[in-house]
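Just below is one structure, and these are the notes that go with it.
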Amino acid sequence: LVFNLRRNKLFTLLTVVGLSFGICVVLLASLYWKQEHAYDQWNPDKDLIYEVLMDMGENKVWSANVGPLANQMKESSSDIVDYLYYRSWPYSYSCHINGEMKTFDATLVQGNFFDFFPFDIVKGNTHNFTKKNNSIALSEEEAVRLFGKENPIGKLISNEENNTYVVTTVYKIKSPSSFTPTAIINDLDINENDWNNFNYQLLIKIKDPTAIANLMAISTGIVQKNLVEA
């Protein structure tokens, strides 16, 4: 065997290189699979939360959704525990903070955001964020960037449009997470009568994952009636 390997050095080299390449590919694929499936594993309700997408036909699937859909789905099925509208893209805000003009990015959400994304709460609480419109929650890093070592809870942030936000919560993003907002504001106005305003993302929380097929049929019927046939 040793004699054959010495006589066929090129063949041996190609064999070793090929095997090494194959092993590397398998290892990289395994690591990639593990990383992709690690997202949101920290969320206890990860198997009960689904994003509602809009199939517009012609292989066009939108993550954008309409305001009336969620409430009608909930009224049509007891399998839905709750729903959350939010905007996945952040807005840039120029605001006065302690008399100084600063800029930050914030995402508009409904007040029950932390029921869907139960990040660790570092300061403040989620109750005040839920009940107060124009309340703002900051990630731990963003709170330090904007307020330094000062406790930001109860502080006011005012923008140039004379909107004032009160800081109610500081949270720590758990990793890896599919959604990592540096700041969120409870100031999302949902138009529950407009079927043509695709301006939100929608998550639903359900009781049992086996009900998802039935919920897909229900949502399709609602959209067909109010959007397609209307």
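The values are calculated or read from the model by the stated rules, or taken from the named source; none is laboratory data. If you're wondering where the values come from, they're calculated on a predicted model, not measured in any experiment. Quick reminder, even Gly has a Cβ in these numbers, built from the backbone with ideal geometry, and neighbours come from all protein chains shown. For the accessible areas, the whole protein counts, side chains as well, though only heavy atoms, and no ligand, DNA or RNA atoms are used. Shrake-Rupley method; radii C 1.70, N 1.55, O 1.52, S 1.80 Å.
Entry note: the chain has Rg to Rh equal to 1.17, where both radii use alpha-carbon atoms and Rh is the Kirkwood radius. Accessible surface computed residue by residue for the chain, with neighbouring protein chains in place and a 1.4 Å probe, gives 59 Å² per residue.
When peptides 103-111, 157-165 are sorted by average Cβ neighbour count within 10 Å, with the highest value leading, the order is 103-111, 157-165. Simple spin-label estimate for Thr210 and Ser94 gives 5.7 nm between the two label positions (7 Å along the Cα-to-Cβ direction from each Cα). Across segment 105-215, the mean sequence separation of Cα contacts (distance under 8 Å, 6 or more residues apart), normalised by length, yields a relative contact order of 37 percent.
From the P(r) of segment 82-190, could you give the percentage of C-alpha pairs in the tail past 18 Å? Taking all Cα-Cα pairs of segment 82-190, the fraction more than 18 Å apart is 42 percent. Of the cross-linked pairs Lys60/Lys225; Lys102/Lys132; Lys46/Lys155; Lys60/Lys132; Lys60/Lys102, which ones have a Cα-Cα span greater than 28 Å in the structure shown? Lys46/Lys155; Lys60/Lys132; Lys60/Lys102, as the Cα separations exceed 28 Å there. What part of the accessible area of the chain, given as a whole %, is carbon or sulfur when the probe is 1.4 angstrom? Roughly 53 percent of what the probe reaches on the chain is carbon or sulfur. Helical runs assigned H by DSSP (4 residues or longer) give the chain a calculated mean residue ellipticity at 222 nm of -9500 deg cm²/dmol, each run adding -39500 (n - 2.57) before division by the residue total.
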